[in-house]
Amino acid sequence: MKIGMISQWYEPETGSAAHPTAIAEALAARGHEVRVLTGFPSYPQGRVHSGYSMRPRQVEERDGVLLCRVPDVPSHDDNAIRRALSLTSFAASATTQVSWLRHVDASLVYLTPATVGAAAMTLRRLAGVPYVLYVQDLWPETVTASGFIGNAKATRMVESGLNRYLRRLYRGASGVAAISPTMAATLADRGPRSVPVAVPNWIDEGVFAPAPAPVEPALPPGRTWIMYAGGIGEVQALQHAVRALALLPEGSDVGLALVGDGTARLGLRRLAEELQVTDRFFEAGPQPMERMPALMAEAAAQLISLRDLPLFRGTIPSKVQASMACAAPVICAVAGDAAELVERTESGLVVPPEDPVALAKAFHTMATMDPGQRRALGERGRRAYVSELGATAGATRLEELLSAAVAGASR
């Protein structure tokens, strides 16, 4: 099968770009010809990576996958206008150049942001190519909950416009996958032609696997570190983790290590200074993905954190899968499907989101736990990842949706 994939993000971008890359490579490994329409790499710095320069089109091959990069306005900060320009500019570029995918059998749309779907609708209309949506977050809730727009009247107008667009996008899809059961159930009420199915994200299994801690540690010695690795924005609600440091019992050696970058990083540093916990607060900055398993092995547990918002209850952040794949215990401060997964697989501790008191208790419990017990948590998580969440299971489900789309189009 010839598969066209549309994703604004792709390697060498890190973080959220790892998943669309893993999907494309997994489908290619199953014998499919995969083409990806994507942007020029700019995450997380908000500027084009070294070695690339913005141009009308750049075609390249990467690990057996053919890529066509089209221009957008790079932005990953908290300015609403620049972010909107980034999302809409890629949608416009991808739509005008979507004919690059006109000979594929079906397209798979990595739907975050939702604006990416415009290119797939155009390809279906012009060349009859059916599309399958792989929904990563709920829109318009993602936009309205972020508070980027600010003005209530403008927010309502944007929400109304997005809802009209999304109804057309869902109705035109030959298949819909979502990253969690709750999200799939929510999407079922939004007008798709077929019943949405849950296909949890997986990660690059060539990178994320159990690894020993490095001989020369990257984290400062003398502390038991709880690590947060990923985007550091407002929605991650990491201020509660910093506040938890100040609530730990006297004499506790627990520290919080942040790996990554984002708009909230400076504010977290200031908060640590204000609470006088800078000796327990360490910023490792962005790290190459290849280093992450060994870096994660230095920590007692991986923190998963999101704001307490209804849309996040149907979200399983990819950090959960990355941690489980690396056999790392987790502390999950996310309500809903993510918490259910961690509890059911007994792979870590679950606390309510945005609760520094509960986080402090979880930090202390994990840090004082017998190392053998922590290893057991990680091993259970690893087994669950392989059997339920890995590339083989996920790629099989997506392949079935794409095959059904092709069969439906031929009928």
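The values are calculated or read from the model by the stated rules, or taken from the named source; none is laboratory data. Everything quoted here is computed from the prediction, not taken from an experiment. As a convention, Cβ positions derive from the backbone with ideal geometry for all residues, glycine included, and neighbour counts pool all protein chains shown. Ligands, DNA and RNA are excluded from the accessible area calculation, which covers all protein heavy atoms including side chains. Shrake-Rupley method; radii C 1.70, N 1.55, O 1.52, S 1.80 Å.
Tabulated values for the structure
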{"item": "Residues being under 22 Å from residue 121 (Cα atoms), touching a Gly at 6+ places or on another chain (Cβ under 7 Å) and surrounded by fewer than 19 Cβ atoms within 10 Å (Cβ to Cβ) - total across the stretch 171-213", "result": "2"}
{"item": "2 or more residues within 30 Å of residue 247 (Cα to Cα) and modelled with pLDDT of 95 or more: qualifying helices (runs of 4 or more DSSP H) within the stretch 353-411", "result": "356-368, 371-384"}
{"item": "Any chance residue 102 is at pLDDT 90 or above, among the charged types (D, E, K, R) and more than 25 Å from residue 33 (Cα to Cα)", "result": "no"}
{"item": "Filtered residues of the stretch 73-114 (kept if free of Cβ contacts under 8 Å to residues at least 40 places away in the same chain, within 30 Å of residue 406 (Cα to Cα) and not hydrophobic (A, V, I, L, M, F, W, C))", "result": "88, 89, 95, 96, 99, 102"}
{"item": "Of all residues making up the stretch 331-390, the number that are of a type in the set (Val, Ile, Thr), under 20 Å from residue 239 (Cα atoms) and open to solvent by less than 20 Å² (accessible area, probe 1.4 Å)", "result": "3"}
{"item": "Residues (closer than 16 Å to residue 356 by Cα, open to solvent by less than 20 Å² (accessible area, probe 1.4 Å) and out of contact with any Phe, Trp or Tyr (no Cβ under 8 Å at 6 or more places or on another chain)) located in the stretch 225-242", "result": "227, 228, 237"}
{"item": "Residue match in the stretch 304-324 (condition: free of Cβ contacts under 8 Å to residues at least 40 places away in the same chain and of a type in the set (Ser, Thr, Tyr))", "result": "no"}
{"item": "Looking only at the stretch 1-50, and only at residues there that are of a type in the set (Ser, Thr, Tyr) and not in a loop (DSSP other than H, G, I, E, B), the one that is surrounded by the fewest Cβ atoms within 10 Å (Cβ to Cβ)", "result": "16"}
{"item": "Residue in the stretch 346-362 that is within 29 Å of residue 22 (Cα to Cα), of a type in the set (S, T, N, Q) and without any contact (Cβ under 8 Å) to a residue 40 or more places away in the chain present", "result": "yes"}
{"item": "Residue check for residue 222: open to solvent by 10 Å² or more (accessible area, probe 1.4 Å) and either in contact with a Gly (Cβ under 8 Å, 6 or more places away or on another chain) or on the phi > 0 side of the Ramachandran plot (or both)", "result": "yes"}
{"item": "Qualifying residue in the stretch 25-44 (condition: at pLDDT below 85 and under 20 Å from the mean Cα position of the chain (by Cα))", "result": "yes"}
{"item": "Test: residue in the stretch 51-72 that is part of a loop (DSSP other than H, G, I, E, B) and in contact (Cβ under 8 Å) with a residue 60 or more places away in the chain", "result": "yes"}
{"item": "Residue match in the stretch 89-106 (condition: touching a Pro at 6+ places or on another chain (Cβ under 6 Å) and crowded, with 21+ Cβ neighbours inside 10 Å)", "result": "yes"}
{"item": "Tally of residues being more than 18 Å from the chain's Cα centre (by Cα) and of a type in the set (S, T, N, Q) across the stretch 251-304", "result": "3"}
